[in-house]
1. Do we find that T123 is more than 24 Å from V64 (Cα to Cα), modelled with pLDDT under 95, polar (S, T, N, Q) and surrounded by fewer than 19 Cβ atoms within 10 Å (Cβ to Cβ) in this structure?
2. Given the structure, is Q107 surrounded by 13 or more Cβ atoms within 10 Å (Cβ to Cβ) and either of a type outside the set (V, I, T) or part of a helix (DSSP H, G or I) (or both)?
3. Cβ-Cβ below 7 Å, separation at least six or inter-chain, first residue in region 126-146 and on the phi > 0 side of the Ramachandran plot, second open to solvent by less than 40 Å² (accessible area, probe 1.4 Å) and at pLDDT 95 or above: which pairs?
4. Just to be sure, is S54 hydroxyl-bearing (S, T, Y) and closer than 30 Å to K17 by Cα?
5. Being under 21 Å from the mean Cα position of the chain (by Cα) and in contact (Cβ under 8 Å) with a residue 40 or more places away in the chain narrows it down to one residue among D85, D73, D150; which is it?
6. Checking the condition of a type outside the set (A, V, I, L, M, F, W, C), out of contact with any Ser or Thr (no Cβ under 7 Å at 6 or more places or on another chain) and modelled with pLDDT under 90, which residue from H51, H110 passes?
Amino acid sequence: RGRPACAMGKAEAGSVKAVGNAIKARGLLKTRFYCQVCDKQCRDANGFKCHTESEAHLRKMQIVAANAQHYLDQYSQQFEQGYLDILSRRHLTKRINANVVYNEYIQDRHHIHLNATIWATLTEFVRYLGEEGKCRIDETEQGWYVQWLDRDNPKA
C-alpha cells in the first residue's frame, strides 16, 4: 500500500520537486508572480496562471473591481508610507539612490508591491515624492537620488 507520508524520503536530486523545494527554501521569488489582492506568491508563470483562474481569486477580484480606485489608493498609500519609513528611519536626511531604498523595502516579505499602486515605475514614484515636497530628488547618471525632508528639524 505504500509508505506513510512522514516516512517518504527526500526528493531525488535534480528532480522537479527538488528544484521546487530549493526555490521555496530560498524565500523571496520574482514579484512578477505575486497576486497582491490574494497576498499569494506563485513560483512560476504556470502557478500564477492557475491561481488567477481559481475560484477564490476570481471572487476577490469581483470585490476589488466593484471599488477598484479605493484599493489602488489604499495600496499606493501603504507603499508610500513603507518606502518613506525606511528612507526617514534608516537613512535620515542623507541623499541616497532611490533603488537602494526600494531594495531595502522589498526585503520585507509582506511589502506592498509597486505594481499594485498608481505608479507604473519607481521613477514615476520618485518624481511624485519630489512634486509633493516629501523628498528632495535629483537624477544622475547613476539613477534617481532621494533625500528625506525632515519637517521637524529645519536645519536638515
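1. No: the conditions fail for T123.
2. Details: surrounded by 13 or more Cβ atoms within 10 Å (Cβ to Cβ): no; either of a type outside the set (V, I, T) or part of a helix (DSSP H, G or I) (or both): yes.
Spelling it out, it is not the case that Q107 is surrounded by 13 or more Cβ atoms within 10 Å (Cβ to Cβ) and either of a type outside the set (V, I, T) or part of a helix (DSSP H, G or I) (or both).
3. Final answer for the pair search is G143/N97; G143/A98.
4. yes
5. D73
6. Going through H51, H110 in turn, just one is of a type outside the set (A, V, I, L, M, F, W, C), out of contact with any Ser or Thr (no Cβ under 7 Å at 6 or more places or on another chain) and modelled with pLDDT under 90: H110.
Matching residues to (1) under 30 Å from C38 (Cα atoms); (2) polar (S, T, N, Q):
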position: A68; (1), (2): yes, no
position: S88; (1), (2): yes, yes
position: E104; (1), (2): yes, no
position: T123; (1), (2): yes, yes
position: V126; (1), (2): yes, no
position: L129; (1), (2): yes, no
position: D138; (1), (2): no, no
position: Q142; (1), (2): no, yes
position: Y145; (1), (2): no, no
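The values are calculated or read from the model by the stated rules, or taken from the named source; none is laboratory data. From a predicted model like this one, the values you see are computed outputs, not experimental measurements. Cβ sites come from the backbone with ideal geometry, for glycine too, and all protein chains shown count toward neighbours. To get the accessible areas, we keep the full protein, side chains included, count just its heavy atoms, and leave off ligands, DNA and RNA. Shrake-Rupley method; radii C 1.70, N 1.55, O 1.52, S 1.80 Å.
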